[in-house]
1. Got a sec? How would A:CYS64, A:CYS38 order by Cβ neighbour count within 10 Å, fewest to most?
2. Return A:ILE328, A:ILE50 ranked ascending by Cβ neighbour count within 10 Å, so the fewest neighbours appear first.
3. Exposure proxy check: A:GLU128, A:GLU211 ranked by fewest other beta carbons within 10 Å?
4. What number, in percent, do you get for the relative contact order of the range A:42-115 if the mean sequence gap of Cα pairs under 8 Å and at least 6 apart is divided by its residue count?
5. Each residue of the range A:45-61 in turn: what ³J(HN,Hα) in whole Hz from Karplus with 6.51, -1.76, 1.60 and θ = phi - 60°, glycine and Pro shown as x?
6. Per residue of the range A:15-23, what does 6.51 cos²θ - 1.76 cosθ + 1.60 with θ = phi - 60° give for ³J(HN,Hα)? Whole Hz please, x for Gly and Pro, Karplus curve as stated.
7. Which whole number gives the average count of other chain Cβ atoms within 10 Å of the Cβ atoms across peptide A:305-311?
Amino acid sequence: MSLGSPLLVQDDQRGGLAGTSLSHVSMNSACIEKYQECFLQEIIDQWPNIIPVRDFYPSIRSLCSLGREVPVPLSDDREGSIDNLLLADDGHLVIIETKLWRNPEAVRKVVAQTLQYGMAVSQLTLEEFERRLRRSNPHGHPLQSDETVSQRARELPGADDEFEDRFDIFRRRGEILLLIVADGIHQSAERLVGWINEVVGTSPVKFGLVEFGLYDLPDVGRVIIPRTLLRIREASRHVIAIDLRSTVKEQVQVTVSGDQELPKTPEMDPPANPLTEGELLERIHSRNHEDIAKLADTLFSEFRKSGLTERGLPASIQYGVAVAGDFIPLATMDSDRVWFQIPLRAKRDLERNDSSPASNGLTAWPYFIGQRMCRIPTKPTP
Amino acid sequence: MAVFYRPEDVPDPNKTNSLNPRYQILRDKVSAFVEAVVEIAEVIRGAVEEAASL
């Protein structure tokens, strides 16, 4: 029994407790054939929520896999492959390099490689990024030929209608979490990653180490216990003030201040490479039957005449309302689908004023389309 | 015309968005759909004006 081992506690037959200390299984010795780096990759690909990602980004609520062995361009026309690429519900990407330290790869090389992957991903266009996701290992979760990252994100609990904007901004700014997931602690890697986080403290990239401890679970199998070895240290205490006095604000005013720092108000960049109507119609024409393409032509023509405001995102176009410097999307169209939405924040803000006839009308919005011209929503058959 | 599922209408609320309809669901109903979206936009504009006048 080693100190600090996980303990399995069960009720015994006499109403007391029985405890069994779990013994650590080394991935380096006896099971060398069984536990390769692809073992770690498969675990992360199938169960991405095993990664303790909230140690780095506390706002993340769920993760999904975007694939294993995702090819990315490196310098000198070389190509590398990201072991695991994960997507978080708040729009962050998580790049994972898996490592069994018995493999004699130099620590510096692993760390440098992971940094290169992060840089490469932030420099790709969205289309090129998605093309590469489709080329990842077919045993993982590659993007399907007609699937986009935004569509994959809709499977994530917590992903909201702001996802596409945030995903684009985080990726372009390089706000990516880089993790080395390994079977144990390698002190030189810990020192190196710690040093990188200190010297590039102002960089948007976050770097961390996660250990997967493998333990025998008597009569059942084995259990993996993930542990964060190195997380970003909080450099200073900040006060965040959020101004919610005005209603229907898509982008609330956020003032951040800290010790010896003047208050500053970060501004969100507009989406990069917004899709034009012509480009989206071209995609719709290339991916759908002729009569569907004509239907889409009519739909866009009607929206153009409607007086609603149009906004292009990297993979879709939205029509909505521009109010007080904000934009509230209502209808969104991508190359395959069309959907209707009202941002929850707008709905909640309007519902607060119960006496308002306008807010009463909006409260009934889930039934609005159903009552006017659609059939009432029914449960889909499993 | 199209089934826009609410979270409480489906067994797994996390997957409601992936059930959104494809374009063919709007066949012969494009004008009605746009008209409904425009009406909702008017409701929102009205609410914002009310809030601004308070």
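1. A:CYS38, A:CYS64
2. Ranked by crowding around the Cβ, least crowded first: A:ILE50, A:ILE328.
3. Least to most surrounded, the residues fall as A:GLU128, A:GLU211.
4. This gives 22 percent for the range A:42-115.
5. With coefficients 6.51, -1.76 and 1.60, one gets 5, 7, 10, x, 6, 6, 6, x, 6, 5, 5, 10, 10, x, 7, 6, 10 Hz.
6. For the range A:15-23, the Karplus curve yields x, x, 10, 10, x, 10, 6, 7, 9 Hz.
7. Rounded to a whole number, the mean comes out at 2.
Computed from the coordinates by the stated procedures, all read-outs in this text should not be read as laboratory data. Computed from a prediction, not measured in an experiment: that's the story for all the values here. Note that we place each Cβ from the backbone using ideal geometry, even for glycine, and neighbour counts take in every protein chain shown.
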